[in-house]
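Enquirer: Have a look at the structure that comes next, please.
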Amino acid sequence: MNEFCNVIDADKIIATALKCLEERLTYAAGEKFVSSRPVCDYLRLQLAQEKNEVFAALFMDNQHRLFSFERLFTGTVNEAVVYPRCVIQKALQFNAAAIIVAHNHPSGAAKPSSADESLTSELKKVLEIINVKMLDHIVVTLTETYSFAEHGLL
């Protein structure tokens, strides 16, 4: 019984942390938002516990304030199929000016695969056509994150 209560308490703490981080992302402005710890922390809380790969996106306005966090695709333990057309549809739905995409690696290795790099390049090109800036692609694990922007891959 005590262990169950701890799980409930932990879930409440995580929910509260997500709400706090989401509020920071919603009201934050400026380029510093892109590389800030709150973004990576928020994404880790959202995606790191997933048993299968989940591809998600943060849709933002031109001041880089958050409109919405959306889980777009769910795959298997080692891959998720991502359809750029669907990412574009969501960006247009939110009238987003900027986007950060992210996905988890259930394996625990944050280093992106060559498929991750190809997808990032393709998404960036397609989003540029509709004038949506791709700010980053972040790979999430339980213990770390990998930012394409911080590693000069975007």
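The values are calculated or read from the model by the stated rules, or taken from the named source; none is laboratory data. As the structure is a prediction and not an experimental result, all values here were calculated from the model. No Cβ is skipped: glycine too gets one built from the backbone with ideal geometry, and neighbour counts run over all protein chains shown.
Enquirer: Determine which member of the set VAL77, VAL81, VAL126 is without any contact (Cβ under 8 Å) to a residue 60 or more places away in the chain, more than 23 Å from ASP41 (Cα to Cα), of a type outside the set (Ser, Thr, Tyr) and in contact with a Lys or Arg (Cβ under 9 Å, 6 or more places away or on another chain).
Expert: That would be VAL126, the only listed residue that is without any contact (Cβ under 8 Å) to a residue 60 or more places away in the chain, more than 23 Å from ASP41 (Cα to Cα), of a type outside the set (Ser, Thr, Tyr) and in contact with a Lys or Arg (Cβ under 9 Å, 6 or more places away or on another chain).
Enquirer: Given the conditions (1) more than 23 Å from ALA48 (Cα to Cα); (2) buried (at least 16 other Cβ atoms within 10 Å of the Cβ), which single one is not true for ARG85?
Expert: That leaves (2) as the condition not met.
Enquirer: Counting only residues that are buried (at least 16 other Cβ atoms within 10 Å of the Cβ) and either without any contact (Cβ under 8 Å) to a residue 40 or more places away in the chain or farther than 20 Å from LYS125 by Cα (or both), how many does region 91-100 have?
Expert: 4
Enquirer: Scan region 52-61 for residues that are in a loop (DSSP other than H, G, I, E, B), at pLDDT 95 or above and of a type outside the set (S, T, N, Q) and jot them down.
Expert: Matches in region 52-61: GLU53 only.
Enquirer: Just one of the numbered conditions (1) surrounded by fewer than 17 Cβ atoms within 10 Å (Cβ to Cβ); (2) touching a Phe, Trp or Tyr at 6+ places or on another chain (Cβ under 9 Å); (3) over 14 Å from VAL140 (Cβ atoms); (4) without any contact (Cβ under 8 Å) to a residue 40 or more places away in the chain is not true of ARG71; which one?
Expert: ARG71 satisfies every listed condition except (3).
Enquirer: Counting only residues that are outside any loop (DSSP other than H, G, I, E, B) and at pLDDT below 65, how many does region 23-51 have?
Expert: Qualifying residue count for the region: 7.
Enquirer: Also: For region 129-154, enumerate the residues that are assigned to a loop (DSSP other than H, G, I, E, B) and among the aliphatic types (A, V, I, L, M). So that I can check it myself, show each step before the final result.
Expert: Taking region 129-154 first, the residues assigned to a loop (DSSP other than H, G, I, E, B) are 130-132, 141-144, 148-154.
Matches in region 129-154: ILE130, VAL132, LEU142, ALA149, LEU153, LEU154.
Enquirer: Mind telling me which of the residues HIS103, HIS64 ends up being surrounded by 12 or more Cβ atoms within 10 Å (Cβ to Cβ), modelled with pLDDT of 95 or more and not polar (S, T, N, Q)? So that I can check it myself, show each step before the final result.
Expert: Values: HIS64 fails: modelled with pLDDT of 95 or more.
On inspection, the qualifying residue turns out to be HIS103.
Enquirer: I would also like to ask the following. Which number in (1) of a type outside the set (Ser, Thr, Tyr); (2) assigned to a loop (DSSP other than H, G, I, E, B); (3) farther than 16 Å from CYS40 by Cα; (4) touching an Asp or Glu at 6+ places or on another chain (Cβ under 7 Å) marks the one condition that LYS90 misses?
Expert: The failed condition is (2).
Enquirer: Something else: Among the residues of region 97-128, count how many are assigned to a strand (DSSP E or B), out of contact with any Ser or Thr (no Cβ under 8 Å at 6 or more places or on another chain) and of a type in the set (Val, Ile, Thr).
Expert: Adding up the residues that qualify gives 2.
Enquirer: Can you pull out every residue in region 55-83 that is more than 21 Å from PRO112 (Cα to Cα) and among the hydrophobic types (A, V, I, L, M, F, W, C)?
Expert: Listed by number, the residues that qualify are PHE59, MET60, LEU66, PHE67, PHE69.
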